[in-house]
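See below for the structure under consideration.
The values are calculated or read from the model by the stated rules, or taken from the named source; none is laboratory data. Worth saying up front: this structure is predicted, and the values here are computed from it rather than measured. So basically every Cβ, Gly included, is an ideal-geometry build from the backbone, and we count neighbours across all protein chains shown.
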Amino acid sequence: MKYIDEALIYCDGGCKPNPGIMIGAFLITDGENILKGPVGNNFGEGTNIVAELKAIEYALDEAVSCTRKKVIVHCDNEFVIKALNKERRITKGKHLKPIITEIYKKASMFEEVVYTHVSENNRYIKKCNAKCNELFNKLGFD
C-alpha cells in the first residue's frame, strides 16, 4: 500500500440478531482511490455498537501501513462518533469504555485522528455494509 499524508477510513458494523454475531468492515481511501478493502471480520458475540467500534479499531490497525499522519474515520453510527469525540458520555454501556480506550491508544499512532459521522448512503459506507452482509450470508443469515 502506498504511503499517504491523509487516510480516509470508512467503517460499518452490525450484528444478527442484536445482540448476536458481530461483523464489521472497513475500507481505506486516499480521497480518490480505494487503497485497501473493503475488508470484513467476525468479531464474535456482542451488539451493533460494539461491532461498529471493533470495525474502527480494526481499521486503525490497518491504516498504520499507509500513514502515520492524519486519519479521518467515517462511520454512519452517530452515537459511536459522538462517544469517540467525547460529545456524549457513556453511562449505561460500561463495557464500551475499554474498547474506546483501545481505539484512543491506536489513534495515538497517528499525528491526528478525526472521527466524523456520515450517512449510511455514503458510497463507501455502502461498500462496507455490503461486505458485512456478504459475511453474514456466509454464516447463514439472510
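Here the condition is being in a helix (DSSP H, G or I), closer than 20 Å to K126 by Cβ and touching a helix residue (DSSP H, G or I) at 6+ places or on another chain (Cβ under 9 Å); of I23, I56, it holds for I56 alone.
Yes or no, residue by residue, for (1) within 14 Å of the chain's Cα centre (by Cα); (2) β-branched (V, I, T):
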{"site": "G14", "(1), (2)": "yes, no"}
{"site": "M22", "(1), (2)": "yes, no"}
{"site": "L35", "(1), (2)": "no, no"}
{"site": "E45", "(1), (2)": "no, no"}
{"site": "E52", "(1), (2)": "yes, no"}
{"site": "I56", "(1), (2)": "yes, yes"}
{"site": "C75", "(1), (2)": "yes, no"}
{"site": "F79", "(1), (2)": "yes, no"}
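When only residues in the stretch 123-142 that are without any contact (Cβ under 8 Å) to a residue 60 or more places away in the chain and in a loop (DSSP other than H, G, I, E, B) count, which is surrounded by the fewest Cβ atoms within 10 Å (Cβ to Cβ)? Once the filter is applied, the top-ranked residue is D142.
Cβ-Cβ contacts under 6 Å between residues 6 or more apart (or on different chains), taken from a first residue in the stretch 64-93 that is in a helix (DSSP H, G or I) to a second residue that is modelled with pLDDT of 95 or more and of a type in the set (D, E), are listed as V80/E52.
Any idea which residue in the stretch 25-50 is farthest from C66 (Cα to Cα), counting only those that are among the aliphatic types (A, V, I, L, M) and touching a strand residue (DSSP E or B) at 6+ places or on another chain (Cβ under 8 Å)?
Selected residue: V50.
Going by what's in this entry, would I81 be described as aliphatic (A, V, I, L, M), farther than 18 Å from M109 by Cα and touching an Asp or Glu at 6+ places or on another chain (Cβ under 9 Å)? Taking the combined requirement at face value, the residue satisfies it. Tell me whether the stretch 123-142 contains one or more residues that are farther than 22 Å from K16 by Cα and touching a Phe, Trp or Tyr at 6+ places or on another chain (Cβ under 7 Å). No - not one qualifying residue is present in the stretch 123-142.
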